[in-house]
Amino acid sequence: MTKSNLLKSALSGLLCAAGILSASAQLEYNAEEFWSQPHIREAYLGNYELNTKTEPKLSETEQEVFRELLELMKTDKNAALQMLLTNITPESSGAMEFLVGSLYGERDDVENAMKYFTQAVEKYPNFLRARRNLAIMLVQNAKFEEAIGHFIKAIDLGSRDTTTFGLLGLCYVNGSKFISAETAYREAIMLNPKIKDWQLGLAKSLLNQKKYEEAIAVLEEILLDEPENEIIWISQANAYLGLDDPETAVAIQEIVDRLGKSTAASLEFMGNIYMSRNLNDLALTYYRKAIKKDPKRSVKTHVDTADILVGRGAFEEAEVLIKDIRSSYADRIAKNQDTRLLRMESHIAMNNGEIEVFIPILERLIENDPLDGDALMMLADHYTSQATIDGFSRADLYYERVAKITEFEVKALIAWARSYVSREQYGKAIPHLERANTLEPRPFITRYLEGVRKIHIANSGY
């Protein structure tokens with residue numbers, strides 16, 4: 001795919017690597033910002049004239065009320081509202097309810113607006129504007145699924161404006177119906193291509209369908225007007241990542257960083273990209289920046305990252321990151337996350353051969369939780385590896401303890417048996433292997449047990 005001139009210019013001189021993140025995570029719906037926009041408010045406020053083609057016919061009494069009402073609205077809408085409320089009866093056409101709903105909507109009283117628009121469409125199901133305005137109020141109240149049917153009915157009745165299609169697209173996106181959302185947003189954009197919300201919605205629906213090239217084209221159009229919008233840049237980076245173009249994705253993230261608009265999430269994204277390319281030193285740089293960027297962010301996010309580094313064998317980088325986590329979060333680290341960090345620190349110390357470091361850590365883990373099977377196993381295996389009388393004696397004590405923990409019993413019995421085999425005490429290994437094979441019959445346990453038995457018999461002279 002050929003990159004746009006804007007992107008080529010922005011990427012000039014940048015070097016990069018690769019990573020992973022949810023394709024449309026950044027394109028979130030901001031309700032407060034959305035509903036404050038003039039083009040949205042104008043879609044359902046301020047028009048009180050009735051259209052007799054798609055709206056109920058007024059009785060003579062209602063016509064008289066309306067003539068008086070329209071004049072009153074010009075000077076005192078509160079009085080007009082009270083007048084409407086007193087004229088609503090079970091026999092009224094629904095037009096009164098529609099106007100009451102409109103006045104409540106103008107006051108941002110969404111609950112009452114929905115109430116009276118609902119009454120209007122119940123009295124006159126083909127009441128187009130009441131149906132459409134009810135749908136809009138439902139969206140404003142985050143009742144997206146309920147709004148869809150009303151929007152579709154409004155469209156059937158002839159409502160073909162940009163707001164109707166755009167908000168229908170928003171409903172579909174929130175219901176993860178991305179193909180339908182794409183169709184609705186394209187209609188909305190065709191009717192008014194200048195509304196950014198519809199472009200963002202289309203981009204999100206395309207990203208979630210993995211139509212990355214089309215999404216990039218839409219995002220590129222937005223960037224022409226908003227070249228410093230970091231959310232759009234980040235979303236475009238996600239799209240390039242979806243195209244298996246991590247170099248461009250990371251370059252875009254570099255642009256965001258240079259604009260000074262990185263977030264903790266985008267910095268972690270950079271780190272993930274570099275780590276996936278085994279550039280652990282560069283990954284660490286961005287992980288450390290992420291911690292500093294948002295000290296109030298959940299510590300679990302950073303602990304998860306450290307855990308991945310340890311799992312990949314990047315012990316040096318993990319050690320630095322863990323120190324940053326402890327320094328930045330201090331006493332704000334929950335016990336379960338502290339336990340995870342301690343376990344990682346023990347692995348790092350063991351890898352570095354720092355016996356004087358990892359043994360106290362494991363002992364602390366066991367002190368915090370006497371049933372910490374992982375810590376007990378690590379200590380038992382360590383003392384076995386010493387191959388000394390004292391070491392084997394300590395190992396037996398820990399194997400015995402961990403074998404009493406149900407979920408670790410089989411693992412402990414096998415490790416204990418191997419410890420005895422390493423001492424050439426085959427007779428003591430056999431009962432542990434038999435017990436393990438009874439609890440979880442597996443071919444490799446059976447083969448190991450048979451082999452140990454043969455050696456034991458041979459050594460015993462039977």
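Values in this text are rule-based calculations from the coordinates and carry no lab data. Predicted model only: the values in this text are computed from it and were never measured. Using ideal geometry, Cβ is built from the backbone for each residue, glycine included, and neighbour counts are taken over all protein chains shown.
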Subject >> Helix-derived mean residue ellipticity, 222 nm - over the chain, DSSP H n ≥ 4, -39500 (n - 2.57), to 500 >> reply: -23000 deg cm²/dmol
Subject >> Ratio Rg/Rh [Cα only; Rh per Kirkwood] for region 262-369 >> reply: 0.98
Original post:
Which translational diffusion coefficient, to the nearest whole µm²/s, is obtained for region 211-298 from the Stokes-Einstein equation, given a Kirkwood hydrodynamic radius over C-alpha pairs, 37 °C and 0.692 mPa s?
Top reply: 248
**OP:** State the percent of C-alpha pairs, over all pairs in the chain, separated by a distance greater than 39 angstrom.
**Re:** 51
Subject >> Estimated FRET transfer efficiency (GLU424, GLU356; beta-carbon r; R0 45 Å; 0.05) >> reply: 0.90
Subject >> Per-q log10 I(q)/I(0), region 372-462, q = 0.14, 0.16, 0.19, 0.25 Å⁻¹ (Debye; single scatterer per alpha-carbon; no solvent) >> reply: -0.47, -0.61, -0.83, -1.22
Subject >> Pairs beyond 20 Å (Cα-Cα), from LYS210/LYS261; LYS177/LYS211; LYS57/LYS143; LYS261/LYS296; LYS57/LYS123; LYS123/LYS153 >> reply: LYS210/LYS261; LYS57/LYS143
